[in-house]
C-alpha cells in the first residue's frame with residue numbers, strides 16, 4: 001500500500017461526483033415533483049425515481065441499450081415509474097419539468113465555498129454521470145466554480161466504467177494517482193481506486209431525505225470527511 | 001438573410017476562440033522565448049512559430065498525420081523552426097518550457113472582466129484548438145471564468161472542422177444558431193457560420209506584436225467589436 005502522506009501530496013486534480021456529493025438531489029427533485037405532481041408524495045417519488053438510476057445506467061453499460069443521455073434516461077424512468085407504481089399518466093411537459101430539476105439542484109451548504117477554497121490550490125472538476133449541459137446549468141444555478149466539467153457525454157460512458165476516470169486524467173494530462181475522486185458513494189470510489197485514482201469519501205447522511213443511508217467509508221479512502229469544507233481543511237486550502 | 005435583431009436574441013451560448021481573441025499569445029510566447037533562448041529575437045521567433053500553426057493543423061485534418069495534441073504539435077514545429085531557420089539545437093527541456101508558455105498566456109486587458117459580465121447572461125465557453133489541459137491551466141492563470149472548456153481533444157478535430165462547432169452545440173443541447181462564435185480570425189468565423197452559428201468579430205490589431213494584422217470583419221458577422229468589454233456592452237450585459 002502506498003504511503004498515504006506521500007500519495008496525497010501528489011494530487012493535482014480533484015474530481016467530484018455531483019448528485020448527492022456536491023448537490024442535494026433529494027431536496028431539488030422533491031421540490032420540483034411537488035410542484036408538477038401536487039397529488040403525489042414528492043419525497044417518495046424522488047427516492048423511487050433515484051432507485052431506477054443505477055439499473056438503467058448499468059443497462060447502457062452492458063450494451064443492452066445504445067448510448068443515451070442521462071436526461072433521456074431520466075425521462076423514461078420517471079414516465080414508467082409514474083404509470084406503473086402511481087397510476088399517473090404524465091404529459092411530456094410534466095416529464096420535462098421534472099427532468100429539468102436535475103439541471104438546477106441546490107448545492108449542500110458547504111459546497112460552493114468549499115469548492116472555491118479547493119480551486120485555489122487544485123484543478124477542480126465535475127466527474128458525473130450527468131451530461132455536460134446539465135452540469136453546466138447546475139454550476140451556474142448553484143455557483144459551483146468548476147475548472148472543467150467532465151460530463152458522461154464526453155466519453156459516452158457511465159461511471160463506474162474505467163474509461164470515465166482515466167478519460168479525465170488523460171484530458172488533464174496527469175497520471176491517475178494525481179487525481180483524487182471525491183464522492184459519497186462507495187462504488188464510485190472503489191472503481192476510481194481500481195484504476196489508480198486516489199479517493200476521498202464525503203458522508204452525506206441526508207442524501208436520501210427522511211431515509212437512512214447505509215454506507216461507510218472504505219479504509220482505502222485517503223480521507224473520510226463530512227463536507228467539502230472539511231476536505232479543504234484537510235488538504236490545507 | 002435572417003433578421004439580425006431576432007437572431008442575436010436567440011443566442012444562449014458564446015463560444016470563444018482563445019489564442020489571439022481572448023489571450024495575447026504574442027506577448028506570452030515572446031516573454032517565454034526571451035527567457036529560454038536569450039540569444040534569439042524572441043518576437044520574431046514567436047511570430048515564425050505561430051505561422052507554422054495553421055499548416056500543421058491542416059495536415060492533421062487532411063489525415064496526413066494521425067491525431068496529435070496541440071502541445072505535441074507545438075513542440076515539433078518549434079524544434080524544426082529553431083534547427084532550420086535559427087541553427088539552434090534546443091534541448092527537450094527548452095522545448096517543453098516554450099510549449100508550456102501557451103498554457104499561461106495573459107488575457108487581453110478587457111478579457112477577464114468582459115467574460116465575467118457576459119457570464120451573467122450567457123453560457124460562456126472556450127472553443128479552441130488548444131487541448132483541455134492547456135485551456136484549463138490558462139483559465140486558472142489568467143482568470144478566464146469559463147462555464148465550459150471545449151478543447152480540441154474532446155473531438156480530436158481541429159477548427160475549422162465543422163464537427164468542433166457542432167460538437168459544442170450538441171454538448172450544450174442547443175441549436176447551432178443559439179451559439180455565437182467570437183473570434184479575431186475570419187476563417188474561424190466563416191467556418192462557424194457555414195454550419196449555422198452566429199458570429200462576432202473582435203479586432204485585435206496587436207495580435208502579431210509589431211507586425212500589422214491584415215484582417216477585416218465580414219458583413220455577415222452580427223457584431224464587429226474592439227474587445228470583449230464592447231461585446232458585453234452590445235449584448236446588454
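Each value in this text was obtained by applying a stated rule to the coordinates, not by laboratory testing. Please read all numbers here as calculations on a predicted model, not as lab measurements. Don't worry about glycine lacking a Cβ; one is built from the backbone with ideal geometry, like all the others, and counts go over all protein chains shown.
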(request) Give the span of the protein assembly as shown's Cα atoms along each principal axis, as three whole-Å numbers ordered largest to smallest. (result) 73, 62, 39
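Mind jotting down a quarter of the surface of the convex hull over the alpha carbons of the stretch B:79-237, in square nanometres, one decimal?
Numbers: hull surface 41.4 nm².
Here the figure is 10.3 nm², rounded to one decimal.
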(message) Can you tell me the orientation of helix A:132-142 relative to chain A, as the angle in degrees between its alpha-carbon axis and the longest Cα principal axis, to the nearest 10?
(response) 90
(message) At 222 nm, what value in deg cm²/dmol follows for the protein assembly as shown if DSSP H runs of at least 4 each add -39500 (n - 2.57) and the sum is divided by all its residues, to the nearest 500?
(response) -13500 deg cm²/dmol
(request) From other protein chains only, count the Cβ atoms within 10 Å of every residue's Cβ in B:151-162, then give the mean. (result) 1
(request) Using only the Cα atoms, work out Rg/Rh for the stretch A:119-190, with Rh taken as the Kirkwood radius, to two decimals. (result) 0.94
(request) Compute the semi-axes of the equivalent ellipsoid of the stretch A:26-104, taking the square root of 5 times each eigenvalue of the Cα gyration tensor, and list them largest first in whole Å. (result) 21, 13, 12
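Round to the nearest 0.05 the FRET efficiency obtained for residue A:31 and residue B:83 when R0 = 56 Å and r is the Cβ-Cβ distance.
Numbers: r = 64 Å, r/R0 = 1.14.
So, using R0 = 56 Å, E works out to roughly 0.30.
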(request) Would you please state which residues of the stretch B:201-229 a label at residue B:41 would reach in this model, taking the label point 7 Å out along Cα→Cβ and a backbone N cut-off of under 20 Å? (result) B:206-214
(message) I want the antiparallel fraction of DSSP beta bridges within the protein assembly as shown, as a percent rounded to 5.
(response) 5
(request) List the residues of the stretch A:154-177 whose backbone N lies under 16 Å from a point placed 7 Å from the Cα of residue A:59 along the Cα-to-Cβ direction. (result) A:158
(message) Once the convex hull of the alpha carbons of the stretch A:1-144 is built, what does its volume come to per residue, in cubic angstrom?
(response) 142
(message) Nearest 10 degrees is fine. How inclined is helix A:42-51 to the longest principal axis of chain A, computing both from alpha carbons?
(response) 60
(message) Give me the one-decimal nm value for the distance between modelled label points at residue A:233 and residue B:190, 7 Å along each residue's Cα-to-Cβ direction.
(response) 6.0
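Below 8 Å between Cα atoms, with a sequence gap of 6+, how large is the relative contact order for the stretch A:88-211 in percent?
Working: 155 pairs, mean separation 21.7, N = 124.
Once normalised by length, the contact order is 18 percent.
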(request) Considering Cα pairs under 8 angstrom that are at least six residues apart, work out the relative contact order of the stretch B:26-104 and quote it in whole percent. (result) 36
(message) Over the Cα atoms of the stretch B:185-226, what radius of gyration and what Dmax do you get, in Å?
(response) 11.0, 35
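Hull surface divided by four, with the convex hull built on the Cα atoms of the stretch B:86-132: how many nm²?
Values: hull surface 20.4 nm².
Reported value for the Cα convex hull: 5.1 nm².
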(request) Give me the angle, in degrees from 0 to 90, between the Cα long axis of helix B:162-172 and the longest principal axis of the Cα atoms of chain B, rounded to the nearest 10. (result) 60
(message) Please report the spacing between the Cα centers of the stretch B:70-127 and the stretch B:151-222 in Å, no decimals.
(response) 18
(request) For chain B, calculate the relative contact order in percent as a whole number, restricting contacts to Cα pairs under 8 Å that are 6 or more residues apart. (result) 25
